[in-house]
Every structure is written in structure tokens, then in C-alpha cells.
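Each remark here refers to the structure printed beneath this line.
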Amino acid sequence: MGTHNRRPDIRDLISLEDVMEEMDFGPNGGLIYCFEFLMQNLDWLDEELGEHEDDYLIFDMPGQIELYTHIPVLPSLINHLKLNLHFRLCAAYLLESPFLVDKTKYFAGVMSAMSAMIMMEIPHINIMSKMDLIKGQIKKRELKRYLDPDPLLLADEINSKTNPKFHSLNEAIVQLIDDFNMVSFLPLESGNEESVAAILSYVDDATQWAEDQEPKEPKDEELEGSEEVEI
């Protein structure tokens, strides 16, 4: 893997704080303005990125979901990186594990992940981060229903807690998730080297970084307990 010491920072081009102050925008509106300004100054980005050969770059993106669901700024940036700079891209969508404790928040995250996948149209992995924060709160067998979303988790519980007039909406969301069937999550513990290596393996495979490297499957024993097999 090549090394790359340049670290372009959009704040060197435009400051969110300055935009909010001068344009009287809130944080979300200001951030969208900053990205639109970046798209008008792609020559600055190209110069900052410089030349690459066998480099592995990570673009640390802000968390405002509007950028990835219905505003065309990111798809335009992605097309520039792919078509003009010939980057091979993989998007990594992170959802924090505490969302699993609240099923409504969890399925909102699933819907956002699905929307981002459709919007960006590039190889994409979804990551359930900070798994160490929920150890002991969710049984390992139950966890599998979250890593590979089971719509019945939403239908069974939410309908019992909401006004009947919302049941049709709940069922429509369940049906949408089930019809697309495109969202699944990889568990990540940042302090666990094997967990991080498994995520990197999937990214490498998606970008064809190492064609002879196969992605690692999450260990079954971590999800549902180890089983002895007689041969």
C-alpha cells in the first residue's frame, strides 16, 4: 500500500463557521452550502489531492444525512472522483450500535442506509460501529436479526406501541425494507484488530485493492455461540 502525506481539508477552502455567520445559515444549511462551493472549485480539490498511484485514501465525511439521501452534491462529487480522477470508490455507512436498543431509531438508520446506497450508486458497506457499547444488552442470536435486518422486529413491536392509524405506515416501511432487501451490517469494534481487519477486507474486495484477498465473514461463534461439529 502506498503512503500519502497530503491531507486536504475543505476548511482550507471554506469555513462552516464563516458561512453560518455571513449567510445566517444553520449548521445543516451551512454544510450544504460548503459542499456546493466545493463543487464549484473542484480544481482546488484536484490540486490538493495531487497525483496517486497505489494510494489508499479515506474521505472522512460529515454525518448530516441530508448529504447522502436527497441532495445531489455527493453523487456529483463521486462522479468527478470516478470519471475524472479514476478513483475506485467504496462507501462505508456507519450506524452506532446503541441504535439497536431502540427499534424505531434502528429502522430509521436502515432506511437512511438504503437511501444512501441508492443515491450514491457505488460499492457500499454498512457498518454497525461501537459494538463494545452493547455487550450483554442483546443476545447473540438476536443480534443476527439486526445485522441482517428482520422487518418483523419493527412490525411486531412498533404496532403494539403506536396508534392504530399508523399501522399501515409501519407495514409499508416493513414492506419497503423487505422488498429492497439490500441492507446488512458488519459489526465493528475499533479496539479489536480482527474486527477492523474484517471490515478492511470487505473494502479491499469492493475496490479490488487486492484481487487475491477474499472478504472475511463475521465469525459465527461471535453471533450465536460456537458449535462443535463431528466429522
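Nothing in this text is a laboratory measurement; each read-out follows from the coordinates by a stated rule. All values reported here derive from a predicted model rather than from experimental measurement. Glycine also receives a Cβ, built like all others from the backbone with ideal geometry; neighbour counts cover every protein chain displayed.
The table that follows gives values for the structure above.
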| item | result |
| --- | --- |
| Excluding exposed DSSP-loop GluC sites (Glu not before Pro) (at most 13 other C-beta within 10 Å), longest clean stretch of the chain | 122-210 |
| Longest site-free stretch - the chain; sites: trypsin sites (Lys or Arg not before Pro), DSSP loop, at most 14 other Cβ within 10 Å | 7-87 |
| Dipole of the chain, positive end: most advanced residue of F87, L153, L42 [Cβ charges, Cα centre] | L153 |
| Given charges at beta-carbon only (K, R positive; D, E negative), |dipole| of the stretch 96-172 in Debye | 300 |
| Among A113, A155, A206: highest mean-square fluctuation, GNM of the chain, C-alpha pairs under 10 Å | A155 |
| Reference-scaled alpha-carbon Rg (2.2 N^0.38 Å with N residues) for the stretch 1-154 | 1.22 |
| Cα→Cβ-extended label distance, 7 Å offset, between M23 and L42, nm | 1.9 |
| Label-point separation, D132 to E53 (7 Å along Cα→Cβ), nm | 4.0 |
| Order of V183, V196 under a 10 Å beta carbon neighbour criterion, fewest first | V196, V183 |
| Long-range Cα-Cα pairs in the stretch 58-120 (distance over 15 Å), rounded percent | 56 |
| Förster radius 45 Å - calculated FRET efficiency between K105 and W209, Cβ distance, rounded to 0.05 | 0.85 |
| Projected label distance in nm at L169 and E96, using a 7 Å step from Cα toward the beta-carbon | 2.5 |
| Mean shadow area of the stretch 88-212, taken as a quarter of the surface of its Cα convex hull (nm²) | 8.6 |
| Ascending count of other beta-carbon atoms within 10 Å, so fewest first, for Y106, Y202 | Y202, Y106 |
| Antiparallel DSSP beta bridges within the chain, percent to nearest 5 | 0 |
| Exposure proxy ranking, count of Cβ atoms within 10 Å, fewest first, for F185, F25, F107, F166 | F166, F25, F107, F185 |
| ³J(HN,Hα), Karplus 6.51/-1.76/1.60, whole Hz, each residue of the stretch 49-57, x for Gly, Pro | 5, x, 8, 9, 8, 6, 9, 10, 10 |
| Pairwise FRET efficiency - K161 versus L16, Cβ, R0 = 35 Å, nearest 0.05 | 0.40 |
| As computed over the stretch 123-176, the Cα convex hull volume per residue (Å³) | 113 |
